[in-house]
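Heads up, the thing below is written out as structure tokens.
Every number in this text was worked out from the coordinates using simple rules, so none of it is lab data. Not measured: the values here are computed from a predicted model. Cβ: placed from backbone, ideal geometry, glycine included. Neighbour counts: every protein chain shown.
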There are 2 protein chains.
Amino acid sequence: MEQKLPTDPYKGVRDFYPADMAIQQYIFDVWSHAAESFGFERYDASILEPSILYKAKGAQNEEMVNDQTYTFVDRGDREVTLRPEMTPSAARMIAGRWRELAPHAPIRWYSMPSLYRYERTQRGRFREHWQLNCDVFGVNDVSIDIEIIALAYHIFKNFGAGDDMFRIHINNRATMDTAYRALGITDSDTIMAITRVNDRKDKITDEEYLSTLALTVGDQSLALEIKRMVETTDGGDNQVVAGLAQLGITNVVLDRSLARGFDYYTGTIFEIKDTSNEGLKTLAGGGRYDNLTALFGSDNVSGIGFGMGDARMQDFLTVHNLLPTDLSTQAEVVVMSFDASFNMEAQKVASVIRTFGKRVATDVSTKRLGDKIGRAVERNVASIVVVGETETASNSYTRKDLATNTETHGTLQELFA
Amino acid sequence: MEQKLPTDPYKGVRDFYPADMAIQQYIFDVWSHAAESFGFERYDASILEPSILYKAKGAQNEEMVNDQTYTFVDRGDREVTLRPEMTPSAARMIAGRWRELAPHAPIRWYSMPSLYRYERTQRGRFREHWQLNCDVFGVNDVSIDIEIIALAYHIFKNFGAGDDMFRIHINNRATMDTAYRALGITDSDTIMAITRVNDRKDKITDEEYLSTLALTVGDQSLALEIKRMVETTDGGDNQVVAGLAQLGITNVVLDRSLARGFDYYTGTIFEIKDTSNEGLKTLAGGGRYDNLTALFGSDNVSGIGFGMGDARMQDFLTVHNLLPTDLSTQAEVVVMSFDASFNMEAQKVASVIRTFGKRVATDVSTKRLGDKIGRAVERNVASIVVVGETETASNSYTRKDLATNTETHGTLQELFA
């Protein structure tokens, strides 16, 4: 061959070998089971979306659309973007069928899409990642805000997490607006600018925070007042915090510095953070938005949703030692030919054992029998059956269970049914 | 808002509303269950691959790479392609770890990737589709060829298909090469050109086939000889056909016109066709390839695999009336607030019923109670519970089963545990 191809994947994405895939599949299974237990139904859309979906005013996160998406022009001159988040696709689909969906509100949808961002790669941040997205459409009631946060909480519990391992941070965009107005700040662009500064509060020093705030509002003492207000943790009046407590969920904190990256939130916003490293590790986040479907000329549909990424979740499970040790779905039984002349007999035996509902592989390789057995032991296969002349002639087989090193003899029916 | 956004998805792709998603999920579940029953382990790679993966000699299907892929240059000047098929990614991953995998051969891997092709849209052909991919690496033995075709067969059986609904077409590239050489055709480019003409045999008339063949080999009588050879159906000597018969699989035909689109096949090739429309509907296809991993500088690893698309599969199941009628995973129980003042009580009740393992949604919308019940009936919800003053005060609830219109009274524990 002229050229040696690299075996690396594209920069910033992951290969999922079977052991990696088993972990991702486990995360997906826990996610979907929890979502369905709350009555959410699964949907999906293509990763290819018209770019205009992310450019419309109200739907946008400027930095992301301009610098961080995969956007290209297709062979038919259409501008296409690999979806960087799922909410715009969900809003598009909801708007497209709102007339038939509306009577059934609250509509609960979940999805586990792959999402794409062109960003600098770092631990837990990939250019392709998967995310659980749960949204409730069509009912703007605080009990729904509480319900969807309870769902996020139960996902962590279903993974085996203790309440001390994660904390739910809650804020409300509308309440914050009122607070800013009470400080004399009424311009919504300024409020949005302050919100963006707050979004980085965890990642910068107090001094940096204060000076950036002062630059944003053009007034040092106003900046101090904002800082003081943002750092108030008195949350006795927050209905969401109170409602979660009624459901027995108490690892919750009112956090007025919580901002969320997206511009489209209008009410409750929340994030779940790993208590082992709260500043950096946001494990899930979401909020209520009221203006997304109107972009499509549909009725305005209130929604609340959250996203939870697979890579961060895997980090969390690893750090807290919550990943089950055996997630493999490999064969329970391996049928080995004694030598190549019995390969087809081994296939026939495997075929019969499968009819008893077992996962069965064959080893018809050219390895010596001893090596075949050795490899099965290495892989923690439960049982093996060797097929050679005696077995084929007698129709009597030996099932060897590798963990206990015990042998049982009989027909396949007797051994596996 | 300035601009009304369209609610249509990008051209040539599908939105999956919950009812559509339930069908796709059903197909995925049958696929993965069958693959795992044969000892295949799931893997995945990114949809983003370096474009060079599809341009290397031996890996290529010229037409596809040049005209039909989504290829673009990323912000870091890397040429990227949305994967149009999975085999090159699998070969890349296998080559990357062959040293540690080799002792465990045969390696059985499956995946259910989304694949991307820029092609004219038509029924059952989308720009984004999903495909079951199963491959066995590292053992070149005819019993493995038979096993993997048996897996494809059992997938159809697991969907409830009768043997009369589909037929397995089998050919062998090496055997065909020998036959061409016997006719005096030794140039491999000419043989590949003939193979490409054969690939379209089903879709053109006999006259067109013959004239294209004559143009290809530059000889009318040689074209006739090729046609006669290709149309021979005598398959008594084909080991794969014979082996499948030993496993009880007999809806099989030796088909010397079978060519397969990809250039990289070297031995057994096969397709599964819908008998209700054999010329057009290939439901699955694959074959043995021997030169893919060598491109990466790895040892040469023999492999055999097949792909099976979700859209074609759904068409097949629909045409043959094999789709189960209720695939929904919606809530089994809907807890309704009597009015908005009981929304939070309804959430608490739902939360308790979930602890008994039920899928539970709440209806805390502003609809009147009668409408809430009506919508639950429309959606075929199994049971409802109404939460109002009496229930909250007494801690006694009524479970109404909608199909039978029966009511049961008691504590939540008594009703749902």
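Overview of values
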{"read-out": "Distance-filtered residues of the range A:20-54 - backbone nitrogen under 12 Å, label point 7 angstrom along residue B:20 Cα→Cβ", "value": "A:43-47"}
{"read-out": "Cα gyration tensor shape for the range A:18-319, rounded if a/c is under 1.5, else prolate or oblate", "value": "rounded"}
{"read-out": "Of B:176, B:308, B:344, the one that fluctuates the most in a GNM where chain B has Cα springs shorter than 10 Å", "value": "B:344"}
{"read-out": "Distance from the range A:373-399 to the range A:83-133 (C-alpha centre basis), Å", "value": "48 Å"}
{"read-out": "Exposure proxy ranking, count of Cβ atoms within 10 Å, fewest first, for B:233, A:329, B:398", "value": "B:233, B:398, A:329"}
{"read-out": "Chain B - percent relative contact order, Cα under 8 Å, separation 6 or more", "value": "15 percent"}
{"read-out": "DSSP bridge orientation in the range A:333-416 - percent antiparallel, rounded to nearest 5", "value": "45 percent"}
{"read-out": "Computed [θ] at 222 nm, deg cm²/dmol, chain A (DSSP H ≥ 4; -39,500 (n - 2.57); rounded to nearest 500)", "value": "-10500 deg cm²/dmol"}
{"read-out": "Average Cα contact separation per residue, the range A:333-416, under 8 Å, 6 or more apart, as relative contact order %", "value": "32 percent"}
{"read-out": "Per the axis that maps chain B onto chain A, nearest residue of B (Cβ criterion) and its distance in Å", "value": "B:72, 2"}
{"read-out": "Nearby aspartates and glutamates by direct alpha-carbon distance to residue A:227 (threshold 19 angstrom, same-chain neighbours under 8 apart not counted)", "value": "A:177, A:187, A:189, A:199, A:202, A:206, A:207, A:208, A:219, A:255"}
{"read-out": "Sorted by Cβ density within 10 Å, fewest first, the residues A:254, B:132, B:412", "value": "A:254, B:412, B:132"}
{"read-out": "Where labels lie 7 Å past Cα in the beta-carbon direction, separation of residue A:28 and residue A:339 in nm", "value": "4.4 nm"}
{"read-out": "Two-site label geometry, residue B:318 and residue A:231: point separation in nm, points 7 Å out along Cα→Cβ", "value": "6.2 nm"}
{"read-out": "Volume in Å³ per residue [convex hull over Cα atoms, computed for the protein assembly as shown]", "value": "189 Å³"}
{"read-out": "Most fluctuating residue given options A:325, A:392, A:266, as computed from a GNM of chain A linking Cα atoms under 10 Å", "value": "A:392"}
{"read-out": "Exam field: residue B:261 pseudo-label spacings to other copies (7 Å along Cα-Cβ), nanometres", "value": "3.6"}
{"read-out": "Point-to-point label distance, residue B:300-residue B:158, nm (Cα→Cβ direction, 7 Å offset)", "value": "3.4 nm"}
{"read-out": "Gaussian network model of chain A, Cα within-10 Å springs - most flexible of A:290, A:274, A:189", "value": "A:189"}
{"read-out": "Distance between the range A:326-370 and the range B:205-243 - C-alpha centres, whole angstrom", "value": "38 Å"}
{"read-out": "Per-residue mean of C-beta atoms belonging to partner chains within 10 Å, peptide A:31-42", "value": "6"}
{"read-out": "Label geometry 7 Å along the beta-carbon vector: residue A:319 inter-copy distances in nm", "value": "5.3"}
{"read-out": "Other copies of residue B:231: label-to-label distances in nm, shortest first, labels 7 Å along the beta-carbon direction", "value": "9.0"}
{"read-out": "Per-residue average of Cβ from other chains inside 10 Å of A:138-148", "value": "5"}
{"read-out": "Ranked A:163, B:145, A:299, criterion: other C-beta atoms within 10 Å, fewest first", "value": "A:299, A:163, B:145"}
{"read-out": "Filter on A:11/A:203; B:157/B:203; A:367/B:273; A:11/A:372; A:11/A:55; A:281/B:372 - keep pairs with C-alpha separation over 31 Å", "value": "A:367/B:273; A:11/A:372; A:281/B:372"}
{"read-out": "Share of alpha-carbon pairs per 5 Å distance bin for the range A:333-416, given as whole %", "value": "3, 17, 29, 29, 18, 4, 0"}
{"read-out": "Among B:31, B:346, B:270 - extreme Cα towards positive end, dipole of chain B, charges at beta-carbon", "value": "B:346"}
{"read-out": "Between the range B:1-53 and the range B:258-276, the alpha-carbon center distance in angstrom", "value": "24 Å"}
{"read-out": "Helical segments meeting 18 Å axial Cα length and Kyte-Doolittle 0.5 threshold in chain A (DSSP H)", "value": "A:142-158"}
{"read-out": "Cα gyration tensor shape of the range B:174-307, rounded if a/c is under 1.5, else prolate or oblate by comparing a/b with b/c", "value": "oblate"}
{"read-out": "Residue mean of other protein chain beta carbons inside 10 Å, A:125-132", "value": "1"}
